[in-house]
Structure formats: C-alpha cells, structure tokens
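Novice: Have a look at this one before I ask anything.
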C-alpha cells in the first residue's frame, strides 16, 4: 500500500466505493424467535397466518342479542368466556359474554352490562339499546388471512413484536447481524487505557452489529498485528483497526495489510479529521484501518464504518435536516467534519458548533449529538438548512 495520501479519494468517492462493496455482499438471513427479533432487520415480508380476530368477539362485558326492545325482560340463555367455543343464540334470548368471548351466532350487537338491570335470577331488562353491530370486534377487522403485515427490510422494534408473535410461527427470518472484530494497537497502550475499542464496540453494537471480543495490542509490531488480523478475518464480515495507519516508521497497519495480501479499496481519504483512514478487502472481510486518536477514530466510524454497516442490511443512514447557527470552516479539497449540538425551537432544529481541542479530544464528543460534513463545494453559511448525521 502507498505510504502517503497523494491519491486519497474524496469522501464522496470513498463512500461510493464502500456502498458498491456493500451491495456486492448482502447479508444472509437467519431464523430467530419472534421474542428475540427486536433490533433485527426483517428478511422477508410478514403476512397474516389467520384473520384477526378469527371470529366475532365481544368488546365489552355484557349481553349479546339480536334486535331488542328496552321494554320486555329477556331470558339469559347462557354465558361464554374468552377462549371458549362459539355458542348459538336462541331466538328472543340474551347471552352473557365477557370481553374477548366469541359472540354467539345469531347475535347482532352486544349490550354493555351497565345498560341492563336484573329481572329475576336469569333475565335482564335493557335500559339502553345500542345500534346494530355495537361492541362487537368483527372477524378480520384488523386483518384477514394472507394480508401483508410488515414489509421486508423493516427494522423491528417493540412495536412489531406482538404482531409477529400473534402469527404463531416459532421463528422469523431476519438478516444476520454483520460480525465486527476490533483491534487497537500502539505502544502507548502499555501505559494508558484503550478507550477506542470499548467506544467503537458500543457505537457499532448500537448500529446493529454483533461485535466480537475486542483485541488490544500494546505495541507497534507489524508481524504481530498481521497475525491477529489474519486470525480475525475468517470470523468477521468487518475488521476495524485503530492506530498505526499514518506514514511514520511506527505506523505498521498498512504494511501488515500488504503482508496479508489485502486489496486496497482506498489509502487515505480527503477527510478532516481522519485523512489516514484506509479501507482494504481480504477475502470476504472488509478492513477499516482508522486513526488512533479517539475523536478521529469515532468520526471515521460514524462517517465510514456505520454507513457501510447499515448498507449491508439495506438500511439508509439516519440523515436529518437542521438550520446552522454558525458558518462552518472549510478547507480546499477536503471534507471537514464539525461536531454540532442540536437545539429544538418549536418544529425547527438548530445546529450549534461544539469546539474541540483536536483529533484526540474525547470530551468534545460528549457535548455533541451530531456531526456535519462540509466542503468548499457545499460551503454552507449561518442560517442555511443542511443535512447532518446524529451521533
């Protein structure tokens, strides 16, 4: 791989290459129980296995009957609870039903219990006669058998679980979560905590990945790094490394990838911070070599790894509009990343700048909830409406 970044592509070009790589490697599906499907991507359309409700059900505790007068007492011919079989209503009689019970065949309405009074041990008189069809949940009023319920590609959450479980299937087809391995390297990690690996672990899990146990290498050893990457490639769809990706004599990640025979997708990218970020492929794995500075690593993960991860499962990145409360600085030939803090004013979202102390500033990102990418081509100014990525 090249030791410099003279041929580094633009951010837009780098992202396009990543999207093409993702399109060539769609995730396979796997079955999971509906109770474990929250947070997963539905791989095939969900259709109704049966009508809901399957028969007419009472929506109230009360009495089912057919046509009625509020003047004459009516004999109560029986009682049905939820879950019991459907009865047949005798002519001129009432039938007691509890909420969720099948409405007896021949009944055309349910009178709530509070609109009746007892007229002896087994009879009632109505104090109010509801309209035809009142308080009945009609067969298939929610959906009929075979009806489309949830389209493929839906990101399932708690709202979908009851509907999935109600279809009675033991499993649902969902896209397999992309498997990600994280490797941090650098001699400095012998004397300081590795903050990059747990940060990226949390970020990528939140984006829908299954993250393997991270590896921390407290040293700058090219052969050792290559051995660890080689061991992880068969286990992972994505390998993310941090550190050792620039062009000094201790930056061994590009060399380790070259030793393994990895094919560069791009060496460096016109991104600030994050210019050394490099992506290569090795077999079926895509390897993201990110800078070691924590803020740069985080922003490269948001701008490069996360869009690729979401594209593998056909999920668009979460781009939102906001109005600038500042004029972002730009640099010729570079996409500059600005941390922003959002503020809601009615229906409008305003973006305020979050100052940083540089690419290693791990405190700045805690004050931000979005990142804005700008270039001299777009050059937005104070008051403009722009698109940003939430963190």
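The values are calculated or read from the model by the stated rules, or taken from the named source; none is laboratory data. These figures come from a predicted structure and were not determined experimentally. Counting neighbours? That spans all protein chains shown, and the Cβs are built from the backbone with ideal geometry, glycine included.
Novice: Could you list, in sequence order, all residues of segment 29-58 that are touching a helix residue (DSSP H, G or I) at 6+ places or on another chain (Cβ under 8 Å) and under 22 Å from residue 132 (Cα atoms)?
Specialist: 52
Novice: Additional query: Quick check on residue 309: is it within 22 Å of the chain's Cα centre (by Cα), buried (at least 22 other Cβ atoms within 10 Å of the Cβ) and closer than 17 Å to residue 12 by Cβ?
Specialist: Against the criterion (within 22 Å of the chain's Cα centre (by Cα), buried (at least 22 other Cβ atoms within 10 Å of the Cβ) and closer than 17 Å to residue 12 by Cβ), residue 309 does not qualify.
Novice: Same structure again: So which residues in segment 208-246 are under 18 Å from residue 294 (Cα atoms) and either outside the structural domain of residue 290 (by TED's automatic domain parsing) or touching a residue at least 40 places away in the same chain (Cβ under 8 Å) (or both)?
Specialist: As a first pass, look at segment 208-246 and keep what is under 18 Å from residue 294 (Cα atoms): 214-220, 239-246.
Result: 239, 240, 241, 242, 243, 244, 245, 246.
Novice: Let me confirm something: among 218, 226, which residue is modelled with pLDDT of 95 or more and in contact with a helix residue (DSSP H, G or I) (Cβ under 9 Å, 6 or more places away or on another chain)? First the steps, then the outcome.
Specialist: Details: 218 fails: modelled with pLDDT of 95 or more.
Result: 226 is the single residue among 218, 226 that is modelled with pLDDT of 95 or more and in contact with a helix residue (DSSP H, G or I) (Cβ under 9 Å, 6 or more places away or on another chain).
Novice: Pick from segment 91-108 the residues that are in contact (Cβ under 8 Å) with a residue 40 or more places away in the chain and on the phi < 0 side of the Ramachandran plot: which of them is surrounded by the most Cβ atoms within 10 Å (Cβ to Cβ)?
Specialist: Kept after step one, since they are in contact (Cβ under 8 Å) with a residue 40 or more places away in the chain, are these residues of segment 91-108: 98-104, 106-108.
From the residues that got through so far, the ones that are on the phi < 0 side of the Ramachandran plot too are 98-99, 101-104, 107-108.
Details: 98: 16, 99: 15, 101: 23, 102: 23, 103: 26, 104: 24, 107: 23, 108: 17.
Across segment 91-108, the extreme among qualifying residues is 103.
Novice: Same structure, new question: So, in segment 25-44, how many residues would count as being out of contact with any strand residue (DSSP E or B) (no Cβ under 6 Å at 6 or more places or on another chain) and part of a loop (DSSP other than H, G, I, E, B)?
Specialist: The qualifying residues number 6.
Novice: Please verify whether segment 59-66 includes one or more residues that are part of a loop (DSSP other than H, G, I, E, B) and touching a helix residue (DSSP H, G or I) at 6+ places or on another chain (Cβ under 7 Å).
Specialist: Going through segment 59-66, the residues part of a loop (DSSP other than H, G, I, E, B) turn out to be 59-61, 66.
Next, from what is left, pick out any that are touching a helix residue (DSSP H, G or I) at 6+ places or on another chain (Cβ under 7 Å): 61.
Within segment 59-66, one or more residues are part of a loop (DSSP other than H, G, I, E, B) and touching a helix residue (DSSP H, G or I) at 6+ places or on another chain (Cβ under 7 Å).
Novice: State all residues of segment 271-293 that are over 30 Å from residue 152 (Cβ atoms), touching a helix residue (DSSP H, G or I) at 6+ places or on another chain (Cβ under 7 Å) and surrounded by fewer than 21 Cβ atoms within 10 Å (Cβ to Cβ); if no residue qualifies, say none.
Specialist: Of everything in segment 271-293, just one residue is over 30 Å from residue 152 (Cβ atoms), touching a helix residue (DSSP H, G or I) at 6+ places or on another chain (Cβ under 7 Å) and surrounded by fewer than 21 Cβ atoms within 10 Å (Cβ to Cβ), namely 282.
Novice: Exactly one of these conditions fails for residue 79: (1) surrounded by 14 or more Cβ atoms within 10 Å (Cβ to Cβ); (2) touching a strand residue (DSSP E or B) at 6+ places or on another chain (Cβ under 7 Å); (3) at pLDDT 95 or above. Give me its number.
Specialist: Condition not satisfied by residue 79: (1).
Rundown of residues vs (1) out of contact with any strand residue (DSSP E or B) (no Cβ under 9 Å at 6 or more places or on another chain); (2) surrounded by 15 or more Cβ atoms within 10 Å (Cβ to Cβ); (3) part of a helix (DSSP H, G or I); (4) not assigned by TED's automatic domain parsing to the domain that holds residue 99, yes/no style:
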| site | (1), (2), (3), (4) |
| --- | --- |
| 125 | no, yes, no, no |
| 132 | no, no, no, no |
| 149 | no, yes, no, yes |
| 159 | yes, no, yes, yes |
| 181 | no, yes, no, yes |
| 189 | no, yes, yes, yes |
| 197 | no, yes, yes, yes |
| 200 | no, yes, yes, yes |
| 203 | yes, yes, yes, yes |
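Novice: Could you pull out every one of the strands (runs of 3 or more DSSP E) wholly within segment 258-368 that has 1 or more residues that are under 23 Å from residue 20 (Cα atoms) and free of Cβ contacts under 8 Å to residues at least 24 places away in the same chain?
Specialist: Passing ranges, in order: 263-267.
Novice: Now a separate question. Taking residue 170 as the residue in question, decide whether it is part of a loop (DSSP other than H, G, I, E, B) and within 26 Å of the chain's Cα centre (by Cα). Before you say what the answer is, go through the steps one by one.
Specialist: Values: part of a loop (DSSP other than H, G, I, E, B): yes; within 26 Å of the chain's Cα centre (by Cα): yes.
Yes: the conditions hold for residue 170.
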